[in-house]
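The values are calculated or read from the model by the stated rules, or taken from the named source; none is laboratory data. Remember, predicted model here, so these are calculated numbers, not experimental data. All Cβ positions, glycine included, derive from the backbone under ideal geometry; neighbour counts span all protein chains shown. All accessible areas refer to the heavy atoms of the entire protein, side chains included, with ligands and DNA or RNA removed. Shrake-Rupley method; radii C 1.70, N 1.55, O 1.52, S 1.80 Å.
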Amino acid sequence: MGDPKKIQKLMFFLLLLATIIIIVPVVAIFAIILFHGLPALNWGFIFGMPREGMRAGGIFPTIIGTLYLTLGTMAFSLPLGVLAAIYLTEYAAENWLTRLIEISIINLAGIPSIVYGLFGLGLFVMFLNFGASILAGSLTLAIMTLPVIVTASREALITVPKSFREVSYSLGASRWQTVWGVVLPNAIPGILTGTILGLSRAAGETAPILFTVAAFYLPALPRSIFDQAMVLPYHIYVLSTQVPNVPAKIQYGTILVLVLFVFIMNISAAFLRAHFRKRKLW
Amino acid sequence: MTRMKNRFLEKIIEAAIFLSGIVAVLIVVLIFIFLFKESFSFFVKENMLAVLLGRNWYPISDPPQFGFLPLMMGSLFVTMGAIVIAVPFGLAAALYISEVAPAWLKDILKTGIELLAAIPSIVLGFIGIVVLAPLIKNFFHLGSGLTALAGSIMLAFMAMPTIVSIIEDAITSVPRSYKQGALALGATHWQTIRRVIIPAAFPGIIAAVMLGIGRVIGETMAVLMITGNAAIMPTTLLQPVRTLTATIAAEMGEVIRGSSHYYSLFGIGLILFIITFVINLIADLVLHRRRING
Amino acid sequence: MVSKLKVDSLNVFYDYCHVLKNVSLEVDANEILGIIGPANSGKTSFLKTLNRMNDFDHTFKMDGNIFLDNKNIFTNMQALALRKRIGMVFALPLSLPLSIFDNVAYGPRLHGQKNKTKLKEIVERGLKASYLWDEVKDRLDTPALNLSGGQQQRLCISRTLAVEPEVILYDEPCSGLDPISTAKVEEAMRQLRKNYTQILVTNNTKQSARVADRTAFFLMGELIEIGLTAKVFTQPDDKRTDDYISGRFG
Ligand SMILES: Nc1ncnc2c1ncn2[C@@H]1O[C@H](COP(=O)(O)OP(=O)(O)OP(=O)(O)O)[C@@H](O)[C@H]1O
Ligand SMILES: [Mg+2]
């Protein structure tokens, strides 16, 4: 059927078309958000309290809530994830336990975020009695982020040359001294990059925080980790489906702030990676 | 003396490292136990078979009816729709990016896909309401565009980064010699892609489909916002539906803690957990086997 | 007089690959023992067994005994303590991505030396012993990876010396170095003879002829011959040794 050259031309055109159909909406979405959201951004919006049933005023508490939640998530998931990665790369033998851990991590990465929400509700909010709070939300998001951080940290640790470890051991260092002295310092850029990316995903999540921390309307800043908090992604949900007649400007403004929050993290991760890659000597 | 202290400290740190290592296993087990514990009495009381095959989800009528079937069908419809759309597009994009695109365009396209992955799902849900739903409504002349189809399209879009990147990996790990061999025999680039590269990358494509399904079936907020939220047995993609995930998100907020309704939501969670567990296990086996075989 | 190191019918396996076959030899204090042999003859495996760097390798198995000052290094000593006494310099110059100073101070710090002035003394002494001091004394804070290959290899020697070992193992320390750098490293070894016992694995037979007191020839995991360097090079007992040295091999 026809000339192979012509078929190739046609097929490559179809491939290109499919790619365009995927990419164009991405660009369009950013254009829409920027076009409608930028006019809303001003000091009053960013640093003000919501007013008139969230139909006016600012979104400061939601920004602070998201910030606290992101930091809380990091406080739990970073040490746990890095230590777990150290176990897998530096200590674990190739046996059934290691395989079990790997399978668990893969499965954790695949569990739906709403199931994390249920689990957080059952364990942290109810069973441990933390109530709906920044603490419960951070722990829930930390568990959800764990696989990302473990995977990124493992990759970073593995790329540290084996010879560095050998030198350290040959000088009489113990395993931990070697990890602390030569392995970790050289893996930190990769670990940080992966962590920031994981956290940026957590910052945009709604389902895990629905029942563990998010407050519908709470025009005050949280004062302790046992307080509930307003959070950006949930606030977008509220503004778009739960409260009637919210001005589009406020909706898009809030969305733009969340998108900026997430993208600043993504861009700093990319920047970090580029910076360290340039400095890398081995 | 300080040596002794250091040794002791080291032992403690190494104990912490080991504990953190097995924490992932503990969490998986703990999640399962919690979901199981919270839903066990519900499944017994309401008769598991009646729940799984029940066609009516009326959790707050009197007497309540807890049939999961409409929810499972909702998830199935939306997921199938999404995969049918996402796989051909994802495969095409992965092929274009890794085989056809010139270097400069490749970077741009990859960045575009990464950008898509970084958009929070709640934002996509909102865009779905204001842009996608009206399009569907007008195109099919419906009363509302909030349908299973809207959910499928949106989810296909959201699964794209996962699918494209896995297939791309699979394509790039096809040995260059295969390709060069085919080209040397006079095959065109497209014939090489079709006869050599796609078959060689097939396990990766299967894994991408599996992980794509896992990603899609677990998505909550966007689906909740744009599928119209009606817990009825769907017959076409142009109807509103309610997925398993959306049901938990929509109802857990208002449910009476300790009621059958409350426990039924944990039951839905357990089902989701099991489905994704199996899917990820299969995907891992496919990918892992490929790694072993070389 | 007892020897510094005594290896007694050592067999080494990786998985089921028999890499060292019944090797026995002794090394006297303050001597330089050269080990020569073609690739894959088990030289590196031998060195790594001496300071138990193989402990981490799951596939590693061995039998036989090794004694350091008459103490069995496997049953009577901890691996960390052993490695402090038997230092190792690797084939490629392996500077850590740290400053020159921190590279040399890495070992002493591991072993609890925190005193700044003491560390400075140790670093200076180590760098002088490997003839590097004059070349780097003004830039101790710069990255070690900026040094030339030969300088880096001498830095690695200083780093090993800084933990004050008794025995130093070199695994092809001059592969990839130019003749002038090689000469400097060799001169350092000759000077270190006063205080250290040294084992030098080399692919370059002439190097062994230049610096070693005695030379051992390994082939396919077997110790073929060991004796005074002059004798091994001029009147070897075994024909295979002769073939290897005169380049009629493989
Ligand atoms: N960690 C290991 N695991 C498995 N096999 C190994 C390992 N180290 C060495 N071997 C094998 O043991 C044999 C001897 O290797 P070794 O490195 O000791 O030789 P060598 O004499 O140092 O060679 P070269 O001159 O090339 O450095 C080789 O066949 C090698 O493949
Ligand atoms: Mg070697």
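Remarks
- Summing +1 for each Lys or Arg and -1 for each Asp or Glu among the other residues whose beta-carbon sits under 15 angstrom from that of B:Val196 gives +3.
- Helix runs (DSSP H) in chain B reaching 20 Å along axis by Cα, Kyte-Doolittle at least -1.0: B:2-45, B:69-95, B:103-118, B:148-172, B:202-218, B:260-293
- On the basis of the beta-carbon distance and an R0 of 25 Å, A:Tyr217 and A:Leu38 show a calculated FRET efficiency of 0.45.
- Inter-chain shielding of B:266-274 (mean C-beta neighbours from other protein chains, 10 Å cut-off): 4
- A viscosity of 1.306 mPa s and a temperature of 10 °C, combined with the Kirkwood radius over C-alpha pairs in the Stokes-Einstein formula, give the protein assembly as shown a diffusion coefficient of 51 µm²/s.
- Neighbourhood charge, 13 Å Cβ-Cβ cut-off, centred on C:Glu121 and excluding it, Lys, Arg +1 and Asp, Glu -1: +3
- Accessible surface ranking that places the most exposed of B:Trp104, B:Trp57, A:Trp176 first, with a 1.4 angstrom probe: B:Trp104, A:Trp176, B:Trp57
- Accessible area in the full protein assembly, largest first, 1.4 Å probe, for B:Phe68, A:Phe60, B:Phe18: B:Phe18, A:Phe60, B:Phe68
- Mean ellipticity per residue at 222 nm, deg cm²/dmol - from DSSP H runs of n ≥ 4 across chain B, formula -39500 (n - 2.57): -24000 deg cm²/dmol
- Within the shell defined by Cβ-Cβ distances under 15 Å, the residues around A:Met74 carry a net charge of 0, with Lys and Arg each +1 and Asp and Glu each -1.
- Heavy-atom SASA rank of C:Arg214, C:Arg240, A:Arg201 (probe 1.4 Å, accessible area, largest first): A:Arg201, C:Arg240, C:Arg214
- Surface composition of chain A: carbon plus sulfur atoms hold 69% of the accessible area, using a 1.4 angstrom probe and ignoring ligands, DNA and RNA.
- Average beta-carbon neighbours from other chains, 10 Å sphere, peptide A:117-125: 6
- Exposure of B:Leu183 as accessible area (Å², to 10), given a probe of 1.4 Å and all protein chains: 70
- Just so you know, the averaged projected area of the alpha carbon convex hull for segment B:58-293 sits at 15.3 nm².
- Per residue, in Å², the accessible surface of segment C:87-193 once ligands and nucleic acids are set aside, probe 1.4 Å: 41
- Label-to-label distance, B:Met4 versus A:Leu100, with points set 7 angstrom from Cα along the beta-carbon direction: 3.6 nm.
- Hits among lysines - C-alpha to C-alpha of B:Lys5 under 23 Å, sequence gap 8 or more where chains match: C:Lys84, C:Lys114, C:Lys116, C:Lys118
- Summing both sides, the accessible surface hidden between B and A at a 1.4 Å probe radius is close to 6400 Å².
- What the Cβ-Cβ distance of C:Tyr14 and B:Val29 gives, at R0 = 35 Å and to the nearest 0.05, is a FRET efficiency of 0.40.
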